[in-house]
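Worksheet for the structure shown next.
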Amino acid sequence: MLRLPGSKSLTARALVLSALASGPSTLAGPLRARDTELMAAGLRALGAHMSTSDDERWLVRPHPLVGPAHVDVGLAGTIMRFVPPVAGLADGRITFDGDPQARVRPLGPLIGALRSLGVRVDVPGPDSLPLAVLGAGRVTGGEVVIDASASSQLVSGLLLAAPRFDRGVVVRHVGAPVPSAPHLRMTVQMLRAAGAAVDDSTPDVWAVEPGPVTGRGWEIEPDLSGAVPFFAAALVTGGEVTVGGWPRGSMQPVDQLRSLLTRMGGAVTLSTAGLTVRGTGTVHGLTADLSDVSELTPALTALALLADSPSVFTGVGHIRGHETDRLGALYREFTALGADITELPDGLAVRPRPLRGGMFGTYHDHRMAHAAAVAGLAVPGIELDDVSCTSKTMPEFPALWSAMVTGKS
């Protein structure tokens, strides 16, 4: 039985909504990791009162948003896309910057959308970090057209702050399908839970009415993306892994994960004990569109390398703009270990064959470390060049992984 930290996606959204609320909120079981601590620090810099000393329960007391302030986004897409719309509601100049790799993550559509909604944004270079939002204490809002094909976070960032805009917002997406649709549904669910009126009945259109955001208690469920390497371990070893504390009505794409792991040879069950995955020791290849669950691509690629038949994963071209170009990085690092992988425009084709050990580059990307850990269960001698990158979303990962492998969990 494993106890994993809370969901990064749920924690980030709960922090933003709590900072914009009309009263105090609590987060039970939040994720304490680099991304979420930087999110809390950024919102605190804008004036929100955040008490995060208790690992199990964070308290947020909203306060008038003020500037000047600086927000360190680290390498977190959630911060660089969720906080600038909030900064438009502050009174003063709010600057944003982060790790070097953060400066190449796509922000242009969000910058254009904010400007069309009446927010002044100063970008000294290309449409990316560093940037400054010149908050006027209010945002007019209204209708905006955006191409969010690079990331669903571009839409979520606008929607989360929209109840506080004078006219709310109507976001219309134009372009290729928005990836990671379950995360948009999560945003809509959480907005409604906080009292916001949201209409998402028209495909690729989201409308949020202006109105108060209610302070409330948020129960943060375990992180699904962080759990996937552990579930993958059950398939590789023919073992069983249970992650405790899983709710019956998850906001995360559990059904999609269940389908993928079942097709790859696992058995997935949800009970009062938690979410359990059992393996047989034989992994099957599959062809799958991962556009809704792109965060799972690295771990599933590692599984596919150990399968009994080829796999093709598509629909994930946008993950080239994540912490690193994940498709290119997976191709390079696993090819160096003897893998037969073809890099596709929007995915990977994997043909299993024996792998060898060696150094595996992580590119400061936690998901790359997860992929190497999964492959290392079956391939002796795989070493990570930097396991500390897992602190981005799960500082406990090395200890949890070691305890699972040695049976001391």
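Things to note:
- Efficiency of FRET between T269 and E143 - r from beta-carbon atoms, R0 35 angstrom, step 0.05: 0.20
- Reducing region 125-191 and region 280-309 to their Cα centroids gives an inter-centroid distance of 31 Å.
- In the chain, the DSSP beta bridges split such that about 65 percent are antiparallel, to the nearest 5.
- Of L261, L377, L296, the one that fluctuates the most in a GNM where the chain has Cα springs shorter than 10 Å: L377
- Anisotropy class assigned to region 223-298 is oblate, per the alpha carbon gyration tensor with a/c at or over the 1.5 cut-off and a/b no larger than b/c.
- Under 15 Å from a label point set 7 Å out along the Cα-to-Cβ vector of V205, the amide N atoms of region 175-199 belong to 175, 198-199.
- Region 237-269 and region 22-92 have Cα centres lying 31 Å from one another.
- Exposure proxy for E221, E143, E383: other Cβ atoms within 10 Å of each Cβ, ordered fewest to most, give E383, E143, E221.
- Within region 8-208, DSSP assigns beta bridges of which about 70% are antiparallel (rounded to the nearest 5).
- From its DSSP helices (H runs of at least four residues, each -39,500 (n - 2.57)), the chain gives a residue-normalised ellipticity at 222 nm of -9500 deg cm²/dmol.
- Net lengthening on full extension, E396/R103 (0.36 nm per residue, minus Cα-Cα): 102.8 nm
- Gyration tensor verdict on region 224-406 (Cα atoms; rounded if a/c is under 1.5, prolate if a/b is larger than b/c, oblate otherwise): rounded
- Spin-label model, M359 to S388: label points 7 Å out along the Cα-to-beta-carbon direction sit 1.6 nm apart.
- Surrounding net charge for T262, when Lys and Arg each add one and Asp and Glu each subtract one, Cβ distance under 11 Å: +2
- Principal-axis tilt of helix 181-193 within the chain, Cα atoms, nearest 10 degrees: 40
- Cα gyration tensor shape of region 1-129, rounded if a/c is under 1.5, else prolate or oblate by comparing a/b with b/c: oblate
- The residues packed around L129, meaning those with a beta-carbon under 10 Å from its beta-carbon, carry a net charge of -1 if Lys and Arg are +1 and Asp and Glu are -1.
- Residues of region 18-33 with amide N under 16 Å of a point placed 7 Å along Cα→Cβ from R61: 18-27
- Highest average packing first - 398-404, 169-175, Cβ atoms within 10 Å: 169-175, 398-404
- Seen against the Cα atoms of the chain and their longest principal axis, helix 326-335 is set at about 20 degrees.
- Net charge of neighbours whose Cβ lies under 15 Å from the Cβ of S201, counting Lys and Arg as +1 and Asp and Glu as -1: -1
- Angle in degrees between helix 397-406 and the longest Cα principal axis of the chain, rounded to the nearest 10: 20
We did not get these values from a lab; they are worked out from the coordinates using the rules stated. Bear in mind that the values here come from a model prediction, so they are computed numbers and not experimental data. Because the Cβ atoms are built from the backbone with ideal geometry, glycine has one as well, and the counts that use them run over all protein chains shown.
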